[in-house]
1. What does the accessible area per residue of the protein assembly as shown come to in Å², with a 1.4 Å probe and no ligands, DNA or RNA counted?
2. Which percent, nearest 5, of DSSP beta bridges in chain C are antiparallel?
3. List the residues of region C:71-110 whose backbone N lies under 14 Å from a point placed 7 Å from the Cα of residue B:286 along the Cα-to-Cβ direction.
4. Calculate the FRET efficiency for residue C:117 and residue C:249 from the Cβ-Cβ distance with a Förster distance of 22 Å, rounded to the nearest 0.05.
5. For region A:133-212, which trypsin sites (Lys or Arg not before Pro) are in a loop by DSSP, counting at most 16 other Cβ atoms within 10 Å?
6. Tell me the carbon and sulfur percent of the accessible area for chain A, rounded to whole percent, probe radius 1.4 Å.
7. Can you tell me the FRET efficiency between residue C:160 and residue A:37 if r is taken as the Cβ-Cβ distance and R0 is 56 Å, rounded to the nearest 0.05?
8. In units of 2.2 N^0.38 Å, what is the alpha-carbon radius of gyration of chain A?
Amino acid sequence: MSSNQSYYVPESSIWPIVGAVGMLLTFFGLSTVLVNQSNGDPTTTAWVVFTVGALVLVYMITGWLRDVIRESRAGLYDAQMDRSFRQGMSWFIFSEVAFFAALFGSLFYIRFFAVPWLGGEGAKGTANMLWEGFQAQWPLLNNPDNSQFAGPDAVIGPWGLPLLNTLILVTSSITLTLSHKALKYDKRKPTIYWLAATVALGAIFLFFQIEEYIEAYSHLHLTLDSGIYGSIFFLMTGFHGLHVLLGGIILFVVLMRLIKGHFSAHDHFGYEAGAWYWHFVDVVWIMLFVFVYVI
Amino acid sequence: MSAVADAHAADHHDHGPAKGIGRWLFTTNHKDIGTMYLVFSFAMFLAGGAMAMIIRAELFQPGLQMVEPAFFNQMTTMHGLVMIFGAVMPAFVGLANWMIPLMVGAPDMALPRMNNWSFWLLVTGSLILMSTLFMDGGAPNFGWTAYAPLSTTYGPDSTTFFIFSVHILGISSIMGAINVIATIINMRAPGMTLMKMPMFVWTWLITAFLLIAVLPVLAGAVTMLLMDIHFGTAFFDAAGGGDPVLYQHIFWFFGHPEVYILILPAFGIISQIIPTFSRKPLFGYTSMVYATAAIAILSFLVWSHHMFTVGLPLPGELFFMYATMIIAVPTGVKIFNWITTMFRGSISFETPMLFAIGFVVLFTVGGLSGVMLAIAPADFQYHDTYFVVAHFHYVLIPGAIYGIFASVYYWLPKWSGRMYSEALGKAHFWLSFIGLNIAFFPMHFLGLAGMPRRYADYPIQFANFNQVSTIGAFLFGASQLLLVFIVYKAVKSGPKADAKPWDGAEGLEWTVPSPAPYHTFEQPPRVD
Amino acid sequence: MSVQALRAGALATAVTAPSSALAGWGVNLPEGVTSISNTIYDIHMWVFWICVAIGVGVFLAILWSVLAYRHSKGAKPAHFHENTTVELIWTVIPFLILIMMAIPATGTLVDMYDTSDAEMEIKVTGYQWRWQYEYMDEDISFFSSADTPRDAERNLIKKTEDYKYSVDNPLVLPVDTKIRFLITSNDVIHSWWVPEFGWKQDAIPGFINKNWAKIEEPGTYYGLCAELCGQGHSDMPIEVKAVPKDDYREWVAEQTGEDG
Ligand code: HEM
Ligand SMILES: [Cu+2]
Ligand SMILES: [Cu+2]
């Protein structure tokens, strides 16, 4: 263990409290928007509060990152600090794993327990008494009560856009690895080009994902409120999409910093954190592709 | 590099706290942040306690005297949420902030700025949660467990605010936990190997792991509530192919590890205090570490013991019964180790030790009723009655809360440089001890005799014990005001404390002066 | 409906209510009136006494340590801090004790889940805030709501023995008959619980839970809703009149005759 001598403890910082105020405004605003919307009340003020909050958060994040980058450039961070950042990022990704694990667990429960029971199979099949004529199938096109939840006409097949998107994300992980390799050998140009390619692939992925959603909503009547299949489909792919967006933004910032020459072969934690996150998002997608689309 | 380091060292050393309110708003200092956590959690403890007093006052007699059932349900819900997310968890984070850097010889927490954000997000989340009390339709009224569809289709408007406040409190706790792990893994002084770490540090390491593993699961659960409420999804609605019980599975996958999150740091505290006042090293340090880890791992496999009556298929029921019973084994090991630590020691009874002994005695009661609850066929009778209420208050008050009280008395001299009044501390202990038992022991009887929990009104057969319980609850509640006074008096005018006020104490935290200087261990100590 | 209630009431007064758990200082589970409830009671007492024994042992050990090794009496601390043998012993012995608890628990659970060969079936549906009972083999179905006087709740009149327990239309059941209950809900989750039968079972909207009872003694048995279901949660009691088989048939005849 190295000595703590130069462990950098910033003197004080306004960003945490700014961030807390931003969160307060954002989520108070958002909650009010949602509640007012379902009650048919006006939402303008609430939207304003939400937007102000979101802007404060953006201000906070940019300011905070600027401070960190400045300190890092000034050489205030030692190897131990680097390890703290690594710990922080790893455990953050672990928490994301736990989040997606909960979603996958829900998917399995619905598929292998709840829907079969409702359809009259298994230990609790008596439930079918309440849903005459309902048959269990997956993907679920006919819901137990179609008058409340009109089922979708069809679901998204795996071998079109989803397969393409799988190839795109896998390729993006490869380009990212190539970029990382190049960075380790201090080859600036390939580092930048491969990373730019990664970000571009991420953007294409998101574009196709939006395509797919439009298709689902406008042609298949596969929607959030078309019963449990639509619910879980959009929940899982939607949260994954948000993570691609976040990962893409992180990598974009990293790209800008690369161009400014912030990273060196042996000192590039910011880069690596973004890369870890991207690979994680990629792995989640592969699981999604298998368990949501294919099986 | 060295020039920069020197320049930075120069601007960094010999700095006291900043002046004015800015010190607290912008601080990155683990001691300031720890203090804020502790003060805030105590305020929440009093707020949650006030709600408990309303509940107990209404239950003093059968009939509806003080409040309507609708408001009563808001009180039970908010009491649980405020105590768990506002009082106990933040108090432990406060203790972690203050003590972990001191105990492992680190200059601060690993990520000091994020540390402050964790705290202020706690305030943010709590503000949103508390604001629901003033909303049209009232605060959440579906119990802290928020079972669907009572919390979705049938929930009040404030449910949405509740959901986002849980998200924010969760983010706060996850960041706090990440900080704790990074500090423990990365910031230990040279020579402080893992198996030399104080038990408090160990139990917090494991707690932090649990937090990071299960809070995202809770986030998932409440997100699905939100979607069912506002976006027409059918997660918890059989009409669309969902299942209300799915919510319970996700919730308790979080919820059972959560109850260990609420107790493991207290285990650590007790493992510090008992050796100190027995003047004898902790018995079975290694098995304590392994028992804690075993409890944490098992806690992921027992969640459905909260759901024995939801109609689980028989194999599930059996599996969760056996797994739950097994948890009692490592829990027992801990209790036996504490007793053996006292055995043939040289015991004195300062206030921290009184609370620690109270902990071991009463936590045993709660652990044993836990074993009874684990027996699935019998739980068909116990479940959702006052017997369960008695169980979890016996593990949470003498467990978590006593652990926190004990550590406040134990470390107050280190924090403030002053001693509290031993006589008042003892009075606080005995009043709490008596009040607690009068309040909660009769609840075992009530539950067995047939009184369900979360009832605003009840048959007259339950009147007697309810009356006793309410008297005890008010005694317990009132004695907590004494704690405010004791701490205030000590900080204001208590006698000066030595660097090591307890002759049997060991550990790095006692090698720095009392009160601990604003910056400690800027040069790491050597541990051998 | 109130005619029905009167009749049921008249029937019930013919049989004396045994062992009613209406004692003001009740401290324990009822033994109940079904084989399952009896077994559960036995397991409960078995586990309870084991826990008491362990508790007493632990408390004596604490008391001894605390009294015998007082610093104020000049006790000198020993320095041992490990002993693999004892640590092994107190890991293994609790484990064995748990097995002694698990064996009867397993058998009982298997029995409780065996709802086959029922002689009749009752469907119980929870509503905010009352119960509906459907006799699946007869043409009988009715709602059962609390009939606690509001004035008693508000402390304007004296509360009776059955305050918060009595209902307008009790569930009438025959003794010595294996009855399967199908339990569900129409809105939120409720839980149907009659302690004298030994169990509660959650009523989950959209799903059906099963349990069973074979009542051995005639009498009036009360129960309460045991899952938070909104502001009327404490206001949807359960009243069961268990009557001899002949009386039950008579009652059914009257009901079905009356209804058409
Ligand atoms: C020997 C160890 C323990 C066992 C075997 C055990 C077992 C159980 C069981 C089976 C239940 C569900 C009862 C029911 O709802 O019918 C329960 C409830 C509960 N336990 Fe424990 N428990 C143990 C220790 C703890 C500890 C250490 C804590 C926290 C400090 C705790 C906190 C709770 C809480 C809060 C509930 C009620 C949750 C709710 O329904 O709101 N338990 N316990
Ligand atoms: Cu549990
Ligand atoms: Cu209820």
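1. Values: 38330 Å² over 1083 residues.
Result: 35 Å² per residue.
2. Values: 30 of 42 bridges.
Bridges in chain C are about 70 percent antiparallel.
3. Only C:81-88 fall inside the zone, counting backbone N under 14 Å.
4. On the way: r = 20 Å, r/R0 = 0.92.
The value I calculate is 0.60.
5. Numbers: sites: A:181, A:184, A:187, A:188; in loops: A:187.
When the trypsin sites (Lys or Arg not before Pro) of region A:133-212 are filtered for loop state and at most 16 Cβ neighbours within 10 Å, A:187 remain.
6. On the way: 9050 of 13230 Å².
C and S atoms contribute 68 percent here.
7. Values: r = 49 Å, r/R0 = 0.87.
Efficiency, rounded to the nearest 0.05: 0.70.
8. Values: Rg = 23.2 Å, N = 295, 2.2 N^0.38 = 19.1 Å.
Expressed relative to 2.2 N^0.38 Å, the Cα Rg reads 1.22.
The values are calculated or read from the model by the stated rules, or taken from the named source; none is laboratory data. What you see is a predicted model, and the numbers here were worked out from it, not measured in a lab. Because the Cβ atoms are built from the backbone with ideal geometry, glycine has one as well, and the counts that use them run over all protein chains shown. Each accessible area value is taken on the protein alone, full model and side chains, heavy atoms only, with ligands, DNA and RNA left out. Shrake-Rupley method; radii C 1.70, N 1.55, O 1.52, S 1.80 Å.
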